[in-house]
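First up is the structure itself, then whatever we jot down about it.
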Amino acid sequence: MILAAGRGERMRPLTDHTPKPLLQAGGKPLIVWHIERLVCSGINDLVINHAHLGVQIEQALGNGSRFGATIRYSNEGTALETAGGIAFALPLLLPSHACGRDGDVFAVVNGDIWCDYDFAQLPALAGTMQQRGDLAHLVLVDNPGHNPKGDFVLQDNRVVPESRIPNPESCTLTFSGIGLYRPALFAGIPRGSKAPLAPLLREQIAQGKVSGEHYRGIWVDVGTPQRLDELDKQLLTSQNAPHV
């Protein structure tokens, strides 16, 4: 699932007429970078949620065939926040969920980030989650300047409560917006209601049900026009660099 329902307030005025995932960097929309990387990794069954200017997203991407993907859309009407949007899309993500197969695992990627994370490793990570009974796996990154305190504490590939670590600030990292989840994580959210993701994660972290990894590759939270402009210049420069 690619999350694309946010209003993009910090991106205004760019997002007044264009949904944030369709903003371009390096010559293509942010969301297309994700789709192409996912397909190259063998992941081509995609669900995209939308709300603000969502029709534009459907018109731009279609059914996904030109990317080698199958894309279905979860139209929220009004954005339901991260967990609410995922819960709303579960029937599209996991048709078998209606049959009670809570062991299934699906990936979720924020539509407003740019990264070179290797999505090909997600199936193996999903298998490990199932073996351990975890409800989530989070990809964490070094804390950027706009989030210096980070989000979660990582220790030995487990996301743990800050209270269990003597100096949590030394191992606190930022959530990248890339995660693996099992449907049971969202069982308490009435379909169609708004709900943030962080409280659900912290509840499961306290129960020891969340794994994690520290990704040290390229990752950009494209949250402001300035960051979008910087990313665009970086990508165009790398594309125009001579290949040896």
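No lab work stands behind these numbers, since they all come straight from the coordinates. Remember, predicted model here, so these are calculated numbers, not experimental data. Cβ sites come from the backbone with ideal geometry, for glycine too, and all protein chains shown count toward neighbours.
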Note, the range 136-147: 3J(HN,Hα) by Karplus (6.51, -1.76, 1.60, θ = phi - 60°), whole Hz, Gly/Pro = x, goes 7, 9, 10, 8, 10, 10, 4, 5, x, x, 8, 9
Scattering profile of the range 88-232 from the Debye formula, Cα beads only, expressed as log10 I(q)/I(0) at q = 0.14, 0.19 Å⁻¹, is -0.72, -1.24
At R0 = 22 Å the Cβ-Cβ FRET efficiency linking Asn75 and Cys40, nearest 0.05, sits at 0.20
GNM on the chain, Cα springs under 10 Å; top mean-square fluctuation among Gln59, Gln207, Gln130 goes to Gln59
Simple spin-label estimate for Asp142/Asp16, 7 Å along Cα→Cβ, in nm, reads 3.7
Largest-first semi-axes in Å of the equivalent ellipsoid built from the Cα gyration tensor of the chain are 27, 23, 18
Amide H neighbours of Gly212 at under 5 Å, excluding residues fewer than 5 places away on the same chain, with H built from the backbone geometry, are Leu138, Arg158, Val159
Here the longest stretch of the chain that holds no trypsin sites (Lys or Arg not before Pro) in a DSSP loop having at most 10 other beta carbon atoms within 10 Å is 1-148
Taking the convex hull of the alpha-carbon atoms of the range 4-61 and averaging its shadow over every direction gives an area in square nanometres of 4.1
